[in-house]
Every structure is written in C-alpha cells, then in structure tokens.
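Chemist: Shown below is the structure under consideration.
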Amino acid sequence: MEVTGSLSVNNKMRTGPGGIGAGSPLPGKGREYNRNQRKDSEGYSESPDLEFVYADADRWATELSELYSYTESSEFQLNKKCFYEDFQIHVPDKKWTELDVSHQRAYTMRLLDALEVTAREKRLKVGRALLYLAQGTFGECSCEAEVQTWQRHNVFLLLEAGAFNAFVELLNMEVENSAACSNAVRKPAISLADSTDLRVLLNLMYLMVDLLREEGESDPEEWKSMRQTFRTELGSPLCNHEPFAVMLFGMVTKFCSGHAPHFPMKKVLLLLWKTVLCTLGGFKELQRKKAEKREVLGLPPLPEDSIKVICNMRAASPPASASDLIEQQQRRGRREHKHKYTSIAEVQVRQEEEFLKCPLSGGEEDVEQMPVEILYQGLLPSLPQYMIALLKILLAAAPTSKAKTDSINILADVLPEEMPTTVLQSMKLGVDVNRHKEIIVKAISAVVLLLLKHFKLNHIYQMEYMAQHLVFANCIPLILKFFNQNIMSYITAKNSISVLDYPYCVVHELPELTAESLEAGDNNRFCWRNLFSCINLLRILNKLTKWKHSRTMMLVVFKSAPILKRALKVKQAMMQLYVLKLLKVQTKYLGRQWRKSNMKTMSAIYQKVRHRLNDDWAYGNDLDARPWDFQAEECALRANIERFNSRRYDQSHKNPDFLPVDNCLQSVLGQHVELPEDFQMNYDLWLEREVFSKPISWEELLQ
C-alpha cells in the first residue's frame with residue numbers, strides 16, 4: 001500500500017471535469033483560482049535546467065585558482081624569482097624540468113634544510129622557492145596541462161622529503177607568534193602584507209593536501225602508497241597531540257576572538273575543507289562507508305544511492321511537461337513494494353540506551369580509532385566555540401550582511417597595501433572582494449555539511465552535539481537570512497576575471513584589462529561555487545530540522561516559506577529538492593489558505609520528495625490536540641548527548657561503583673601509596689599505639 005496512490009487520485013478528482021481546475025461556473029471562484037495559480041507560478045522559472053554537476057569540489061584548475069586572490073597575482077613572479085636566484089647558483093645552465101629525479105630530490109632536500117634558518121627574511125625566500133615548486137614550476141611550462149603534470153611530480157618530491165611536517169611546525173610557530181599578533185591588533189588597517197609568511201605556508205600546504213586527496217589515473221604504485229600514508233598521518237595527531245584539522249579550527253577561533261586579525265581566513269578555511277575531504281573522504285566515500293556499516297550492524301543493504309537518484313531528476317517547472325508526466329508514471333510503475341527502513345542512527349540510539357541501562361553487563365565499548373573518531377575527540381572540548389566562529393565568518397561573508405564597524409574583518413588577505421587610485425583598479429578590487437566572500441561561504445558550507453554527515457555515520461549523538469550547537473548559535477535564521485536575497489542573481493554572479501585565474505595567468509600573455517572586459521565576466525550561465533554553496537546550506541538546514549518539531553517551528557516562526565519558495569526559481573533539481581523538503585516539513589503548520597494558494601508547490605512536493613506510509617504533511621488534523629513542549633524536546637536531546645559524551649570521553653566522571661576492583665593481595669600490597677607528611681612525622685607513635693600496645697592472638701590469626 002502506498003500513500004502516494006491515494007493522494008494522486010484526490011488530485012485528479014479536484015481538477016477533473018466540473019471541478020475548479022476545469023473552469024468553475026461559480027462567480028468569482030475561477031478568477032480567484034487563476035490568481036492563486038499565477039501567484040504560485042512565481043516560485044518557478046521558465047528557463048532551461050542548469051547543467052550543474054554536484055560533486056565534492058569543482059574542476060582542478062578552478063579549485064587551484066580560488067586559492068589566490070587577484071591582489072596576490074604579483075607574487076607568482078616573486079616566487080619564481082626566489083627559486084631561480086638560488087637554483088642557478090647550485091645548478092647552473094640547467095632547467096628544473098631537465099634534471100633527473102635524483103638531482104631534483106637532492107635540490108628539494110637542500111631547500112628544506114635551508115628552511116630551518118632563524119632569519120625571517122631568508123626563511124621567507126626559501127618558502128617562496130618551495131612554493132614555486134609546488135605551483136608546478138610554471139616558468140618552464142607552456143600550458144595548464146603541463147603545470148598540472150609538474151605540480152603533481154613536485155608535490156610527491158616534497159612529500160617524500162618530509163616537507164609537510166616541516167610546514168606544520170613552521171605554521172604552529174607563526175600561529176603562536178605573539179609579536180605578529182600584537183602588531184596586527186594595534187594596526188588601524190590590515191592588508192595583504194601582514195599575512196605574507198602565513199600565506200606562503202598555507203599555500204604550500206593547500207597545494208599538497210588538495211593534490212594528494214585524489215588518486216591520479218597514471219600514478220605509479222609508489223605514489224599510491226605514499227598518498228595513502230599521507231592521508232592516514234594527516235588524520236592522526238600531528239602537532240600538539242591533535243589532528244591537523246583541530247589546529248586549523250584553533251586558528252579560526254583565534255581570528256574570530258580578535259587576537260589574530262591578520263590570519264588569512266580564506267586560505268585557512270579552504271585548507272580546513274580540503275583536509276576534512278582528504279582525511280574523512282567525500283560523498284562517494286560516505287556512501288561506501290554507510291553500506292559497510294549497515295552490513296556490520298546486520299541491516300539490509302541500501303535500496304538506492306540518494307545522490308545518484310537526485311542527479312537523475314529534472315527540475316520542477318509550471319506546468320508539468322508531457323515528458324515529465326510520462327517519466328513520473330514510469331518511475332511509479334518501477335517502484336518496489338518504496339519497505340521498512342531501519343537507519344544506522346536508530347540502531348546506535350538503541351545501543352546507547354543498553355549501555356546506560358546495563359553499564360556492568362554491557363562491558364567496555366570498543367571504539368575504533370578511525371580518523372573521524374580522532375577528529376571528534378580533538379574537537380569535543382571546544383566544539384561550541386568552533387561552531388560560533390564558523391557562523392560568525394559565514395555571517396560576515398553573506399551578501400545580505402551590512403558592513404558594521406564591530407563585525408570581524410574577513411578582507412585582511414585581499415586588500416592591497418595601497419588602495420586603488422583608478423576606476424579600473426577599484427572595479428578589479430570590487431570583483432576580488434565579492435569573489436573572496438563567495439569562496440569563504442563555499443568553504444564553510446562544505447566543511448559544516450561534511451562534518452555533520454561523517455559524525456552522523458560514526459555516531460548519531462556526535463552529529464546531534466554539533467547540530468545542537470549550530471542551532472544554539474542561530475544557524476537556522478542565519479541560513480534563512482542568506483537566502484533572503486535575489487538568489488538567481490547570486491547564482492548567476494560573474495565575480496571572476498578568467499584571464500587572471502591561476503594557472504592561466506602565468507602561462508599566457510595577458511590582454512590589457514578594460515572596464516568592459518571586467519563587467520563581461522565568463523560565459524557560464526551560473527557560478528558553480530555559488531550554486532554548490534546554496535545546495536550545501538539547504539542540506540545543512542535539512543540536517544538540523546529533520547524529525548525535530550521544535551526546529552521545524554523555527555522555520556515557521558522565521559517566515560521561511562516565502563524565502564524558500566523564491567529559491568525554487570533556480571532550475572536545478574537538487575537545489576529544488578532540498579527546498580521542497582524544507583517546505584514539506586512545515587506545510588501542515590502554514591494553514592489551509594497557504595496550501596490552497598500554493599497547489600503547484602504542493603504538487604511538486606508530492607512528485608519529488610520521498611513520503612512515508614503515515615505521512616500527514618499535507619494536512620494538520622491533530623495540531624490542536626498535540627501539546628508541543630519545544631524546550632523539553634531540546635533538553636531531552638541535550639541530556640542524551642551529555643550522557644553519551646560523559647560515558648565515552650569523560651574519564652574523570654566515571655561512577656566509582658562501576659569501576660573494577662583489584663582483589664589480588666600481592667598487587668594491592670605492592671602499590672605505592674603517598675602518605676601525608678604529618679603521618680610520616682608521627683609514624684613511631686602510630687606503631688606504638690596501633691601495633692605494639694595491642695595483644696596479638698597468633699592462634700586466631702593463623703586459623
């Protein structure tokens with residue numbers, strides 16, 4: 001039995017012959033219905049579907065170009081100059097690309113040794129020379145493909161020489177550099193020059209992590225093995241006995257607290273995102289791990305891959321085309337008898353209840369130290385502060401936010417030392433600033449979504465802990481504020497200057513920039529990063545509100561329905577689906593008039609969103625009779641999370657009644673006991689009183 005079948009019949013009955021849809025003879029009713037239909041169709045666009053492919057990240061060249069702001073473009077040649085000044089002394093009359101691997105390896109090691117000098121200026125020059133290597137020695141390349149080939153080759157040379165650990169130590173030193181922090185705090189205006197050393201290091205590390213997170217088709221076996229070892233080490237405690245991602249989160253909170261305003265936050269966030277992707281894996285890896293975990297827990301295999309199903313969907317548009325209707329009927333015909341689904345989360349909640357009920361018979365839980373578990377343990381002590389910091393930066397980068405004097409400055413690593421003096425320079429900087437903000441939104445949305453999904457798979461209460469602190473930090477209204485703009489303008493924004501993008505700008509002769517060429521932008525119908533960010537933010541909102549009545553009511557209270565409905569204008573199936581899911585959960589709270597006025601949206605929800613057997617999303621019969629205590633719901637969840645964290649991770653609060661007792665006489669007597677000082681002073685007195693003055697019945701003692 002399927003709920004969708006009966007709903008389909010009802011819809012046909014309503015719009016059949018003689019019904020309102022066929023042109024009602026009642027005076028005024030037909031006009032009202034047409035007006036409602038016209039109003040409802042405003043939520044959609046008549047344009048063709050956007051050819052967007054949702055993935056872990058954009059194309060290699062695009063991801064590489066987004067690391068650098070256009071203000072930094074002069075530094076490419078500076079890196080090249082620093083490299084050849086040293087290279088030509090030690091290897092005269094030769095090019096880097098002409099050397100054999102052994103000589104390249106030896107020179108790389110020499111540069112890394114030189115990185116340990118104490119003089120900051122010399123260390124910066126060596127850092128720039130190493131960065132030129134990691135950038136692909138573009139001075140000896142004629143096209144982007146050559147840059148990519150040499151970049152891969154050089155990064156593996158750096159990895160083999162142990163460069164990444166050296167960069168981590170230097171980064172830690174720069175983060176703890178109190179002199180640089182205090183100088184930056186005192187400055188009235190911070191610019192690109194204040195973060196030079198940090199930017200060189202972060203660029204180096206980003207290039208290594210981003211390149212090593214994916215396996216190349218023609219990689220030799222040796223490289224595959226090195227790459228796997230790197231991924232494992234990156235997810236393990238590297239510096240200060242914590243994973244590298246925790247160190248980057250520390251930089252984010254330090255920046256937001258105002259103690260280090262010179263930190264180049266865009267680069268930190270991009271590196272954090274790619275580190276999480278590299279160590280924990282992307283969406284395909286999540287699907288594979290989910291299938292494996294279900295098998296371990298004895299659950300039936302997944303019936304479908306949600307992302308693949310969504311990618312095959314078409315965007316909704318008014319009215320439904322004939323091909324859409326046929327495809328929909330065929331899909332319904334293929335449906336299996338849509339089964340009782342038990343999620344991994346349900347099993348984990350039951351297991352946790354058993355552990356709390358029977359702490360003795362349940363035994364110690366064997367928690368596998370996987371990268372996601374290690375990361376959660378590293379984030380746990382300061383996770384609320386990390387979430388607040390991420391959302392502060394997201395708010396500052398949102399296009400709907402107004403510039404305030406008391407808000408954090410996220411433009412420190414994009415503003416030049418000397419402000420523009422011509423109209424062209426101002427236009428270029430304007431594009432750079434907008435692009436900079438878009439990239440920050442992209443990185444934060446991707447990091448938050450990935451962590452929520454990985455924590456949920458590892459243990460539901462890990463995800464709930466992170467989600468609850470996002471909700472407490474006003475994540476729901478913040479995302480709605482982000483969407484309360486002309487979302488089509490945001491998705492079609494042209495904040496890029498393709499001729500200045502790396503690596504194009506270093507292997508081609510650059511044309512003269514004009515105001516017209518800056519305004520033109522690229523030829524794409526949409527901006528990949530902005531559409532990617534929007535989908536990520538909608539998925540986060542779904543994760544936070546799913547099955548949570550209190551949070552669903554927040555969507556209603558913050559009047560999200562008109563905001564979300566406007567987002568349906570974007571003709572992309574995945575984005576529309578997550579909008580429709582958010583509308584579905586609050587439909588029964590919006591009232592009969594809203595449902596009546598938005599029948600096309602209701603129809604789209606029915607067609608696109610998965611339904612359950614007892615789903616009452618389309619009507620709200622029992623709302624008056626059902627007492628909602630939203631605060632109690634959140635408090636109960638919080639209590640469960642705290643019990644989980646305390647049981648697993650807080651050793652100091654273990655119940656002494658449940659701790660194991662040592663019954664072995666030898667081990668108990670052999671334990672070293674610290675005696676108080678006053679006891680040691682009066683030891684002779686104690687012996688006389690408690691031992692010598694008391695008669696001993698040796699017969700009783702022996703028996």
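The values are calculated or read from the model by the stated rules, or taken from the named source; none is laboratory data. Values in this document were obtained by computation on a predicted structure and should not be read as measured data. Note that each Cβ is placed from the backbone with ideal geometry, even for glycine, and that neighbours are counted across all protein chains shown. These area figures cover heavy atoms from the full protein model, side chains too; ligands, DNA and RNA do not enter into them. Shrake-Rupley method; radii C 1.70, N 1.55, O 1.52, S 1.80 Å.
Chemist: Over the stretch 496-560, what per residue volume does the convex hull of the Cα atoms give, in whole Å³?
Modeler: 124 Å³
Chemist: Sticking with this structure for a sec: Rounded to the nearest 10 Å², what accessible area does ILE535 have for a 1.4 Å probe in the complete protein model?
Modeler: 0 Å²
Chemist: For the pair VAL53/SER382, report the inter-label distance in nm, with labels modelled 7 Å from Cα in the Cβ direction.
Modeler: Placing both labels 7 Å along Cα→Cβ, they lie 3.9 nm apart.
Chemist: Of LYS571/LYS608; LYS266/LYS565; LYS254/LYS543; LYS481/LYS565; LYS456/LYS481; LYS224/LYS284, which ones are farther than 22 Å apart at the Cα?
Modeler: LYS266/LYS565; LYS254/LYS543; LYS456/LYS481, as the Cα separations exceed 22 Å there.
Chemist: Once you put a point 7 Å from the Cα of GLU233 and another 7 Å from the Cα of GLU346, both along the Cβ direction, what distance in nm separates them?
Modeler: About 4.4 nm, to one decimal.
Chemist: Also, I was wondering about something else. On a full-extension model of 0.36 nm per residue, what is the gain between SER693 and ASN614, subtracting their alpha-carbon distance, rounded to one decimal in nm? Could the numbers behind the result be given before it?
Modeler: On the way: separation 79, 0.36 × 79 = 28.44 nm, distance 8.15 nm.
Computed gain between SER693 and ASN614 is 20.3 nm.
Chemist: Kirkwood hydrodynamic radius, computed over distinct alpha-carbon pairs, for the stretch 179-307: how many Å, to one decimal?
Modeler: 17.3 Å
Chemist: What percentage of all Cα-Cα pairs in the stretch 416-495 are separated by more than 20 Å?
Modeler: Details: 1667 of 3160 pairs.
I get 53 percent for the Cα pairs in the stretch 416-495 exceeding 20 Å.
Chemist: Kirkwood Rh over alpha-carbon pairs of the chain, then Stokes-Einstein at 4 °C and 1.567 mPa s: what D in µm² s⁻¹, rounded to an integer?
Modeler: Values: Rh = 29.4 Å.
Translational diffusion coefficient: 44 µm²/s.
Chemist: Turning to a different aspect of this structure: With label points built 7 Å along Cα→Cβ from the Cα atoms of LYS357 and ILE307, find their separation and express it in nm.
Modeler: 3.7 nm
Chemist: Please identify which residues in the stretch 182-204 have an amide N closer than 19 Å to a label point set 7 Å out from the Cα of LEU78, following the Cα→Cβ vector.
Modeler: 184, 189-204
Chemist: What does the convex hull of the alpha-carbon atoms of the stretch 132-255 project to on average, in nm²?
Modeler: Over all viewing directions, the stretch 132-255 projects a mean Cα-hull area of 9.0 nm².
Chemist: Next up: How large is the charge dipole for the stretch 501-569, taken about the Cα centre, if only the Cβ atoms of Lys, Arg (+1) and Asp, Glu (-1) carry charge, to the nearest 20 debye?
Modeler: 1240 debye
Chemist: Now a separate question. I need the P(r) histogram for the stretch 485-641: all alpha carbon pairs, bin width 10 Å from 0 out to the longest distance, whole percents.
Modeler: Reading upward from the zero bin: 9, 30, 26, 16, 10, 7, 2, 0.
Chemist: Here's another thing I want to ask about it. Percent of accessible area on the stretch 464-580 owned by carbon and sulfur, 1.4 Å probe?
Modeler: About 53 percent, which is the carbon plus sulfur part of the accessible surface.
Chemist: Oh, and also: Summing Lys, Arg as +1 and Asp, Glu as -1, what charge do residues with Cβ under 14 Å from the Cβ of GLY250 carry, GLY250 excluded? All intermediate terms of the calculation are to be shown ahead of the outcome.
Modeler: On the way: positive: LYS254; negative: GLU174, GLU176, GLU242.
My count for the surroundings of GLY250 gives -2.
Chemist: SER257 to MET173: FRET efficiency via 1/(1 + (r/R0)^6), r the Cβ-Cβ distance, R0 35 Å, to the nearest 0.05?
Modeler: For R0 = 35 Å, the calculated efficiency reads 0.95.
Chemist: Could you state how much accessible area MET419 has, in square angstrom rounded to the nearest 10, with a 1.4 Å probe and all protein chains kept in place?
Modeler: Surface accessible to solvent at MET419 totals approximately 110 Å².
Chemist: Which whole-Hz ³J(HN,Hα) couplings does the stretch 187-197 yield from phi under the Karplus relation 6.51 cos²θ - 1.76 cosθ + 1.60, θ = phi - 60°, glycine and proline marked x?
Modeler: Calculated HN-Hα couplings, in order: 6, x, 9, 9, 10, 4, 5, 6, 10, 4, 4 Hz.
Chemist: If you wrap a convex hull around the Cα atoms of the stretch 172-240, how much volume per residue is inside, in Å³?
Modeler: 111 Å³
Chemist: Quote the charge dipole size of the chain about the Cα centre in Debye, to the nearest 20; the model charges only the Cβ of Lys and Arg (+1) and of Asp and Glu (-1).
Modeler: 4800 debye
Chemist: Could you tell me the accessible area of HIS549 in Å² (1.4 Å probe, neighbours in place), rounded to the nearest ten?
Modeler: In the full protein context, HIS549 sits at about 60 Å².
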